[in-house]
Amino acid sequence: ADDALATAAHRFADEVELDQIVICSSDNDFAQCVRGERIVVLNRIKRQILDEFGVADRFGVTPERIPEYLALVGDKSDGLPGFGPKAAAAVICRYGAMERIPIDETPWDLEVRGKERLQRVFRERRQEAILYRNLSVKRVDVPLPESLADLRWHGALADNVRDIQSELADDSLTQRTLRFRD
């Protein structure tokens, strides 16, 4: 589903009839899909919209470098030990893609706290980091048969909303869904 969303955003980004594409997700991986103010990410939980400047401000890297950033910083299940947000952003801003980060014994030419330890960790776990990066890359080539017209929102079907509302005994559903009609 994530790759389908990324593909649709990428495919329809240049459609002149769209003012903006908003990807609604709290998943940081989607920051890689951001393009200027044309494709943005809305985190509904934090009530925050990230455009390209917002991604750079929040993560310290450009949208296309988000997979590298997330591979180094990780979460509970992945990432490299010792790489915090500032260190990851500094390394990525200096070297770019994982494959360009030096793994030889020559000290990295950047100022980051604990760089010798970070360099050693990266050298030892580089393949792991590349795997994490590759897993977080959103595909933009998923075969989607829908056209932009097929995806256009025409509003909720009032009768279906009322049936669900009755079944759930939740009258707020009508107010929240039927107000968003063409």
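The values are calculated or read from the model by the stated rules, or taken from the named source; none is laboratory data. Note that this is a predicted model, so its numbers are computed, not measured. All Cβ positions, glycine included, derive from the backbone under ideal geometry; neighbour counts span all protein chains shown. In case anyone asks, the SASA skips ligands and DNA or RNA and just uses the protein heavy atoms, side chains included. Shrake-Rupley method; radii C 1.70, N 1.55, O 1.52, S 1.80 Å.
The residues in the stretch 133-162 that are within 30 Å of Val73 (Cβ to Cβ) and loosely packed, with under 14 Cβ neighbours inside 10 Å can be counted, and the count is 4.
Does Ile130 count as modelled with pLDDT under 90, in a helix (DSSP H, G or I) and surrounded by 11 or more Cβ atoms within 10 Å (Cβ to Cβ)? For Ile130, the condition - modelled with pLDDT under 90, in a helix (DSSP H, G or I) and surrounded by 11 or more Cβ atoms within 10 Å (Cβ to Cβ) - is not met. From the list Gln175, Gln165, Gln119, pick out the single residue that is open to solvent by less than 80 Å² (accessible area, probe 1.4 Å), polar (S, T, N, Q) and modelled with pLDDT under 90. Unique residue meeting the criteria: Gln165.
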